[in-house]
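Below is one structure, written out as structure tokens; comments come after it.
Nothing in this text is a laboratory measurement; each read-out follows from the coordinates by a stated rule. Model, not experiment: these values are computed from the prediction. Using ideal geometry, Cβ is built from the backbone for each residue, glycine included, and neighbour counts are taken over all protein chains shown.
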Amino acid sequence: MTEEDSESGLTESQVGEENDLPVIQLCGLVEELSYGNSALKIETGMFEKYYNKLEPRDQRHPRLSDGKVVATAEFSQFRSRQKSKSRVGLTSLTVDQKCELVQKELEDTKDELRHMRANAERDLQHHEAIIEEAEIRWAEVKKAVYDFEKDILKTISKKKGSILATQKVLKYIEDMNRQRDSTKDKLRLKNVSLKVQRRKLLLQLRQKEEVGEALHDVDFQQLKIENAQFLDTIEAKNQELIQLKLASGNTLQILNAYKSKLHQAMDMSTSLDRELLLRNELLEKIERETLQAEEDRAKAEALNKKFRRQLAEFRAPQVMVYVREKILNAELEKTIKTWERKVEIAQMSLKGYRKSWNKMKTTNEQLQAICLPGK
């Protein structure tokens with residue numbers, strides 16, 4: 001039996017049985033033992049960390065993982081003492097002790113995470129402040145460049161080499177220097193006030209720390225209880241805030257639905273107002289047409305009454321009078337046709353006379369034109 005077998009507590013019979021096992025079972029046993037060894041390593045590391053926190057630094061045993069060079073003889077002596085102690089009486093931690101170690105490790109991890117989160121938030125605030133300061137300075141630089149181009153470069157481009165442009169540039173530089181000096185004085189005063197405030201805060205913090213050193217374990221337990229109560233209250237308030245946010249979201253959805261309904265109702269009201277206006281215009285038009293129709297009806301009734309009265313007063317003439325009037329009408333029509341024929345003949349004669357007159361007129365003009373040059 002080897003030294004490793006004696007340290008692991010295996011007997012010669014168990015080693016012989018393991019040597020007689022097949023390869024597959026040996027692989028499974030090796031895997032199981034590797035899992036167990038990894039768990040034991042984790043537990044050992046946690047125990048060493050806890051032990052190193054409790055034990056003073058000068059009484060700690062040397063470790064290979066500390067990064068220090070340990071002599072071979074000292075390490076072998078330490079190994080032999082550890083083996084002898086393990087052979088004398090090997091005791092393992094109980095479940096309660098393991099739970100306490102795990103709880104302590106969990107609290108330490110939470111503290112580390114809290115410190116890391118605080119440091120990260122502080123760094124984030126620092127970087128955000130730097131970015132904000134850079135943005136403010138960049139805005140100031142852009143504004144200064146814009147003002148310089150607006151006030152100076154345009155004047156210089158219009159009046160190159162003039163004394164006015166030079167004086168304006170010098171005045172602008174003096175104003176900028178004066179403004180920078182005033183800003184410097186303001187920042188110096190602000191820095192002094194911040195230093196005084198920082199000194200006061202440090203004094204208050206030191207006083208609080210001195211008062212905190214006088215506290216006892218009972219006070220710390222009371223503070224822990226109050227802290228737990230406050231955390232419960234904060235959790236309850238957070239839950240209530242979540243419920244209020246959900247209720248606010250539902251209320252917002254309902255409000256949006258009512259807003260959409262209100263917009264639809266307003267659109268419908270607008271369309272109804274337009275339709276009502278058109279209907280009113282149509283009604284006014286119909287009323288005007290009705291009045292006009294009433295006037296036309298009154299005029300038609302008056303004319304109808306007149307025609308009825310004339311029809312009632314009408315008396316048919318005698319037959320001989322009608323015949324004479326008919327004969328006279330026929331004669332008059334014949335006379336009209338005769339005179340129309342005579343007028344047509346007279347118009348034709350007039351056209352012929354006009355043609356003859358025009359010919360005579362042109363001939364006379366030609367004769368006068370011929371006779372005048374001879375004279």
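Which FRET efficiency value, to the nearest 0.05, is calculated for LEU303 and GLU325 with the Förster distance at 22 angstrom and r the Cβ-Cβ distance?
After rounding to 0.05, the efficiency reads 0.20.
Going down the list LYS305/LYS326; LYS143/LYS186; LYS49/LYS110; LYS104/LYS208; LYS49/LYS104, which pairs span over 19 Å between their C-alpha atoms?
Checking Cα-Cα distances, LYS305/LYS326; LYS143/LYS186; LYS104/LYS208 exceed 19 Å.
Sorted from largest down, what three extents in whole angstroms do the Cα atoms of the range 93-158 have along their principal axes?
Result, largest extent first: 93, 9, 6 Å.
I'd like the FRET efficiency for ASP111 and LEU201, computed as 1/(1 + (r/R0)^6) with the beta carbon distance as r and R0 of 22 Å, rounded to 0.05.
E(calc), rounded to 0.05, equals 0.35.
At R0 = 56 Å, how high is the FRET efficiency between TRP357 and ALA316 if r is their beta carbon distance? Nearest 0.05 is fine.
0.45
How do PHE314, PHE47 rank when sorted from fewest to most other Cβ atoms within 10 Å of their own Cβ?
PHE314, PHE47
Using 0.36 nm per residue of separation minus the Cα-Cα distance, give me the extension gain between TRP339 and ALA134 in nm, one decimal.
Result: 62.2 nm gained on full extension.
Compute the normalised compactness of the range 254-339: alpha-carbon radius of gyration over 2.2 N^0.38 Å, N being the residue count.
The value comes to 2.80.
Taking the Cα centre of the range 93-158 as the origin, how large is its charge dipole in debye, to the nearest 20, when only Lys and Arg (+1) and Asp and Glu (-1) carry charge on their Cβ atoms?
580 debye
Treating cross-link reach as a plain straight distance, find the lysines whose alpha-carbon is under 24 Å from the alpha-carbon of LYS150, omitting any fewer than eight places away in the same chain.
Reachable lysines: LYS142, LYS158, LYS159, LYS160, LYS168, LYS171.
Listing PHE148, PHE230 from the residue with the fewest other Cβ atoms within 10 Å to the one with the most, what is the order?
Listing PHE148, PHE230 from fewest to most nearby Cβ atoms yields PHE230, PHE148.
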